[in-house]
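**Student:** Starting off with a structure, shown below.
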Amino acid sequence: MPESTNRRTRDSEAARGAILSAAEEHFARYGYSGARVDAIAEASGYNKSLIFHYFGDKLGLYRAVIGCVKGDQEQHFYDVVLRFVDDDAPPLTRAQVRDYIVQAVGFWFDRLVNTPNLRRILMWEAAEEWQTFASAPAQPVMTQRFCAIARFLQRAQAAGFIRADIDPIFVIANMPLLAMIDRASLARHAMFFPDHDFTSPAAQAHARAQIICMVLYSTMTPTPAEQSDAV
């Protein structure tokens, strides 16, 4: 490949990278509705026409940013839980169900801690009732995977490990939101408990463990020992 072509490719990649980086910060700060392409162009150092050339329009740019900050999030999550949700797996044990909940809740907490811009963008989406996300093309593969997780929890429910009054789909849908709301609410927490530590690494680890406990004890049926202790 001629050197001039290589240089143009490198320049194009650098321009796209700078635009996506500036757009990520801007969407995280203002949300989709409040973001301005002019401001993103200025922050990136490239003109607006180049943004439209690469991404088509504001929505195309937004979807590209979401793709970058999410990365292979859903695939990574499914890789974490794949061993639990195989429909041909042998009969479940309580330990397997508990391990699934610990792994799944921990995954979402860590993901949202490590990608603060994604967390902020998701909070904007929630405030706007997910209208922009809902306009994205459907992803049948992800639908199939989350349905597989629902079947796993339904099997666990039939085996008596998940409470009968729990809706597995509700659990799946809301599990990531617990961490999102907690991490976005640290300043609010401090307003009510000003002498309490909410921001140190130790406090973060404590919050992670507490959210896992909340899901475990609100979702799983008690063991005979726990029932005995309650009495």
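Every read-out reported here was derived from the displayed coordinates using simple, explicitly stated rules and does not represent laboratory data. For clarity, every value in this text was computed on a predicted model and none was experimentally measured. Note: ideal-geometry Cβ built from the backbone for every residue, glycine included; neighbour counts use all protein chains shown.
**Student:** Sorted from fewest to most neighbouring beta carbons within 10 Å, what does the list ASP195, ASP79 look like?
**Tutor:** ASP195, ASP79
**Student:** Using Cβ counts within 10 Å as a stand-in for footprinting exposure, how do GLU13, GLU125 rank, fewest first?
**Tutor:** Listing GLU13, GLU125 from fewest to most nearby Cβ atoms yields GLU13, GLU125.
**Student:** So, one more: Rg(Cα) of the range 158-208 divided by 2.2 N^0.38 Å?
**Tutor:** 1.56
**Student:** What are the extents of the Cα atoms of the range 115-231 along their three principal axes, listed from largest to smallest and rounded to whole Å?
**Tutor:** 46, 42, 21
**Student:** For the chain, what is the calculated [θ] at 222 nm in deg cm²/dmol (nearest 500), taking -39500 (n - 2.57) for each run of four or more DSSP H residues and dividing by its residue count?
**Tutor:** -25000 deg cm²/dmol
**Student:** Using only Cα atoms, find the angle between the long axis of helix 73-85 and the longest principal axis of the chain, and express it within 0 to 90 degrees, rounded to the nearest 10.
**Tutor:** 20 degrees
**Student:** Kindly put CYS68, CYS147 in sequence by how many other C-beta atoms sit within 10 Å of each C-beta, fewest to most.
**Tutor:** CYS147, CYS68
**Student:** Sort 28-36, 105-113 by packing, meaning the average of other beta carbons within 10 Å per residue, with the highest value first.
**Tutor:** Ranked by mean Cβ neighbours within 10 Å, highest first: 105-113, 28-36.
**Student:** What three numbers, in Å, describe the spread of the alpha carbons of the range 3-68 along their principal axes, ordered from the longest?
**Tutor:** Projected onto its principal axes, the Cα set of the range 3-68 covers 41, 22, 18 Å.
**Student:** Another question, if that's okay. Taking a quarter of the surface of the Cα convex hull of the range 62-130, what do you get in nm²?
**Tutor:** 5.8 nm²
**Student:** So, by mean Cβ neighbours within 10 angstrom, what's the order for 128-137, 159-168 with the highest one leading?
**Tutor:** In decreasing order of mean packing, 128-137, 159-168 become 159-168, 128-137.
**Student:** Could you pull the Rg and Dmax for the chain, using just the Cα atoms, both in Å?
**Tutor:** Cα only, the chain: 21.7, 79 Å (Rg, Dmax).
**Student:** On a 0 to 90 degree scale, rounded to 10, what angle separates helix 94-114 from the longest Cα axis of the chain?
**Tutor:** It is inclined by approximately 30 degrees.
**Student:** Calculated FRET efficiency, MET142 and VAL113, Cβ-Cβ r, R0 25 Å, to nearest 0.05?
**Tutor:** Here the calculated transfer efficiency is 0.65.
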